[in-house]
1. Where the centre of each part is set by its Cα atoms, how far does region 139-201 sit from region 64-132, in angstrom?
2. So how compact is region 176-223: Cα radius of gyration and Dmax in angstrom?
3. So what is the accessible area of region 191-259 per residue, in Å², with the probe set to 1.4 Å?
4. Nearest 10 degrees is fine. How inclined is helix 102-114 to the longest principal axis of the chain, computing both from alpha carbons?
5. For the chain, modelled as a Gaussian network with Cα springs under 10 Å, which listed residue fluctuates most, 49, 137, 119?
6. DSSP loop (so not H, G, I, E, B), at most 12 other Cβ within 10 Å: list which GluC sites (Glu not before Pro) in region 34-87 pass both filters.
7. Among 89, 140, 180, whose Cα sits farthest toward the positive end of the charge dipole of the chain (+1 at Cβ of Lys/Arg, -1 at Cβ of Asp/Glu, about the Cα centre)?
8. Suppose a student asked you for the relative contact order of the chain, using Cα pairs under 8 Å spaced at least 6 residues apart; what percent would you report?
Amino acid sequence: MLTIAYIGNGKSTNRYHLPFVLQREDKMKVKKIFARHPEKLEWDRIPGVLYTDNINELLYDDEIDLIVICTRHDNDLHYNYAKMVLESNKHCLVEKPFMSSAAQAREIFSLAGERNLIVQAYQNRRFDSDFLTVKKVIESGKLGELLELEMHYDYYRPEIPESVKDFQPEMSYLYGHGCHTLDQVISYFGKPENIHYDVRQLLGEGRMNDYFDLDLYYGNFKVSVKSSYFRVKERPSFVIYGKKGYFEKVTKDRQEEHLKVFYMPDNKDFGIDLPEHYGTLIYYDNDGQYHEEKVVSERGDYGHVYDDLYEAVIHGKEKTITDEQTLLQMEILEEGIRNLK
């Protein structure tokens, strides 16, 4: 049994973590949650879980194997809490973005290595339905040699950047959302040969970063990672071109959509695409015949991050979200901010 505690009791803990862990009660148990004001919780209490404002009750509980950090990531909170957890000889899972800098990430990974502990980022978007479906299409070979992939993560939420009057790198759009899509790229394609950065403050210098467009090059294959807060009509989630075909997935993974309305993973149709959400694949086969078809979406499951951690902590298997991947992501995020326009 993997016994877990959480630092933080907000949206991240209750929407993106607990629903998946509570599904896995045969191998995981939530024991404690650190909340600054446990007497006035905004989320429903989980029966059998101790809510406390004394963090030492988590750090010095010998039954707890893993502590998950789900706080805001400004003011070095992720770094400070991760260091505290590892120094208490607990394994550690950290919400995205992992740290404020690559230097912090290296120090945290080094500390974990010295103590033979596991620390990693919560890269749940590796298990997005749309991303898994794109991988399935690529691996079918129907696209032929890959030429270009566009990944979009758009909103129309101008009130968010308009409400921010100063600039903090770790609170930028690049850090907050690039950590999703960049990890997908790195996890599947590896380290790019070259990167072109277009990172902007559309509202002016000194304001929030609210747009980015990163081009990652792998030989003749280019991956473009794009996001904006000012898209009244969102761009397709994924568009990929090959020498023989094209695939477009317009809609995003539906897990977040369902979690926002408290439609939880214990429902059989949780996160599952309907036929109107399926992507379109167009290609020419080896005989030159034209094909156009809908591709049934793969099923996403954020809980697979916890499945992998369970195997690593309990059975000693290798982490699937590696230190090298996370460090590369942090280096790209830092360089993107250095190229801010």
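The values are calculated or read from the model by the stated rules, or taken from the named source; none is laboratory data. Values in this document were obtained by computation on a predicted structure and should not be read as measured data. Neighbour counts run over all protein chains shown; Cβ positions are idealised from the backbone, glycine included. Heavy atoms of the whole protein, side chains included, go into the accessibility calculation; ligands, DNA and RNA do not. Shrake-Rupley method; radii C 1.70, N 1.55, O 1.52, S 1.80 Å.
1. Value for the Cα centre distance between the two parts: 21 Å.
2. 12.5, 36
3. Working: 3070 Å² over 69 residues.
Ligands and nucleic acids excluded, the result is 44 Å² per residue.
4. 60 degrees
5. Of 49, 137, 119, the Gaussian network model singles out 49 as fluctuating most.
6. On the way: sites: 39, 42, 57, 63, 87; in loops: 39, 42, 63.
When the GluC sites (Glu not before Pro) of region 34-87 are filtered for loop state and at most 12 Cβ neighbours within 10 Å, 39, 42, 63 remain.
7. So the residue furthest toward the plus end is 180.
8. On the way: 677 pairs, mean separation 64.3, N = 341.
Relative contact order here is 19 percent.
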